[in-house]
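A short reminder: the numbers here are calculations on the coordinates, not readings from a lab. Nothing here was measured: the structure is a model prediction, and the numbers come from that model. Every residue, glycine among them, receives a Cβ derived from its backbone with ideal geometry; neighbour counts consider all protein chains shown.
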């Protein structure tokens, strides 16, 4: 970083319309946010798609190499958990080496945020089809996070995913939260969550995290700044 400027590369699936404005709102300390959109299939991402998706990611980032960056944020939650904790960590490292800067992944950021808060059990709201929600469950449980209730919107493609509103997310969260839940996690960086999280946390009497909130929290840790509002709220 130079002259007090913080330059961040945000890498999202081509269809994502939510993460950029939410990261800007959570992280006002970022002075330059460059968004890179990665081509993806017009259906739910599958494990077999990961090699091509990773190639598309590197190809999309390549034009920015040489411009310098303080941080990269890898914003495809499903690409992370489909790879598993070790696979996601390995690709994050590959991005870091490519851009010569630390990289935050939404998938591993939620693990770090929950660990930091001492949370080992969550209820989960997912937008994914059933098999994919179960892979998310496996990703969390293999990392020591017990999953209580898990409810989904069962979005069949990126178009359906993009139509899910914050009102619908709020309703699904209230429906999903169990009486003995320790926290609630809203998966997927496309789901709009920033404006509804404070009210949900107050109503449900528990921490509420989303993919974007976790990424913002970890990004600001790397950059030595505080998200707005602080991620604990």
Packing-based ranking, highest mean first, of 15-22, 217-224, 49-56, 138-145 given that Cβ atoms within 10 Å are counted: 217-224, 15-22, 138-145, 49-56
Which whole-number percentage describes the relative contact order of the stretch 109-210, with Cα contacts under 8 Å and a sequence gap of 6 or more? 32
Separation of alpha-carbon centers, the stretch 34-79 and the stretch 120-172, rounded to whole Å: 21
Relative contact order computed over the chain (Cα-Cα under 8 Å; 6+ residues apart), in percent: 23
Using only the alpha-carbon atoms, how far is helix 77-99 inclined from the longest principal axis of the chain? Give it as 0 to 90 degrees, nearest 10. 20
With runs of 4+ DSSP H residues as the only contributors, calculate the mean residue ellipticity of the chain at 222 nm using -39,500 (n - 2.57) per run, divided by the residue total and rounded to the nearest 500. -13500 deg cm²/dmol
Where does the stretch 73-132 land on the Kirkwood hydrodynamic radius, alpha-carbon pairs, in angstrom? 12.5
Kirkwood radius from Cα pairs of the stretch 1-80 plugged into Stokes-Einstein at 20 °C, 1.002 mPa s, gives D in µm²/s equal to 159
For the chain, the Cα gyration tensor yields equivalent-ellipsoid semi-axes (√(5λ), largest first, whole Å) of 26, 20, 16
Just check the stretch 109-210 against the gyration tensor rule for me: Cα atoms, a ≥ b ≥ c as the square roots of the eigenvalues, rounded for a/c under 1.5, and otherwise prolate or oblate depending on whether a/b exceeds b/c. oblate
Ranked by how many other beta carbons lie within 10 Å on average, peptides 174-180, 83-89, 103-109 from highest: 103-109, 83-89, 174-180
